Amino acid sequence: MDAISAEPLDRRLIDAALGHLSSRFALDVRETCASTSDVAHARLRDGAPSGSVVVSETQTAGRGRRGRNWLSAPGDSLTFSLLWRFPAGAQPPVGLSLAVGVAVARALEGLGAAGIGLKWPNDILADGAKLGGILIETVTEGGRHGAVIGIGLNVRLPREIAAAVDLRAGALDGTMSRAPSRNLLLARLLASLADVLDEYERTGFAGFAREWQARHAHAGRLVRILAEGAETIEGRAAGVDADGALLLETASGVRRIVSGDVSLRAT
Ligand code: ATP
């Protein structure tokens, strides 16, 4: 591990790397917390502004979807949550996890990462291995939508994490010649998120569908859709709809898979 990529999280360095965009974000850099998304939710309830960010060196109870764990290791992972408020009167933020996937992919590619792919609906892959996850939790108050956007990325992959996850895990350092410092990485991710979220407010996910599809890790492949308490559906992943639904070609025709509570697996 080189000195740059091991640099501790540092609010001043993140702000400096954000440059003129730093005024759009309020950074809370922590040594530890249970879950950055839990802290961001508390902030949301307390009326914190859009652009509040919680980033933590370690999480004692990092969360994935449906009560699953997100594992991280100090110095090797980047785990943060961004609070975002949508304008009054905006539609519910459908397809947001896919739009955020595009934002993450753009930022990683901008830093030189090769082979980045997106797995419906919320994973970041590199050459088929999971290097990141996105957890979107939305809250509606007084008819106005807000979101806590949680992102976990493996900059490097400790053996314990590789062994503990049930899928093949990967890390950013395998996709580029030199992993960036996490301060620079976070600044680039936030800049890309601001861009994408501004555009999302105008176009919804429809404005990103083509770009998402260009990185679709399972495009044209046979997959299974697993849902608790429901029958497994098999089909060929054809792409995504304008609202982020997965289009699955099955024996009985094309089906739209809309629930965020399902998991996709290659057959
Ligand atoms: P699936 O891919 O099954 O749909 P999910 O999207 O429901 O998963 P996530 O919310 O992305 O799950 O994250 C939780 C899951 O990710 C865990 O159950 C574990 O399999 C895996 N995981 C946890 N930590 C890591 C990590 N650091 N790197 C890669 N994978 C991880």
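The values are calculated or read from the model by the stated rules, or taken from the named source; none is laboratory data. Everything numeric here is computed off the predicted structure, so don't read it as measured data. Cβ sites come from the backbone with ideal geometry, for glycine too, and all protein chains shown count toward neighbours. Just the protein is used for accessible areas: all its heavy atoms, side chains included, with ligands, DNA and RNA removed. Shrake-Rupley method; radii C 1.70, N 1.55, O 1.52, S 1.80 Å.
Some observations on this one:
- Residue list for the range 31-54, given a label point 7 angstrom along the Cα-to-Cβ vector of R24 and an amide N cut-off under 18 Å: 49-54
- Rounded accessible area of V254 (nearest 10 Å², 1.4 Å probe): 100 Å²
- S77 - accessible surface, heavy atoms, 1.4 Å probe, Å² rounded to 10: 0 Å²
- Here the accessible area is traced with a 1.4 Å probe on the protein chains. For the range 1-135, carbon and sulfur cover 53 percent of it.
- Loop GluC sites (Glu not before Pro), the range 223-267 (other Cβ atoms within 10 Å of the site Cβ: 12 or fewer; DSSP): E228, E231
- Estimated purely from DSSP H runs of n ≥ 4, each contributing -39500 (n - 2.57), the mean residue ellipticity at 222 nm for the chain is -8000 deg cm²/dmol once divided by its residues.
- List W70, W84, ordered by accessible area with a 1.4 Å probe, largest first: W70, W84
- Projecting the Cα atoms of A17, A90, A238 onto the charge dipole of the chain (Cβ charges, centred on the Cα centre) puts A238 farthest toward the positive pole.
- Contact order relative to length of the range 222-266, as percent, for alpha carbon pairs under 8 angstrom and 6 or more apart: 39 percent
- Spin-label zone in the range 247-267 - amide nitrogen under 16 Å from a point set 7 Å from the Cα of R168 along the C-beta vector: 265-267
- Using a simple spin-label model with pseudo-atoms 7 Å out from Cα toward Cβ, E7 and E160 lie 2.6 nm apart.
- Within the chain, the selection of entire DSSP H helices by a Cα span of 24 Å or greater along the long axis and an average Kyte-Doolittle value of at least -0.5 returns 182-203.
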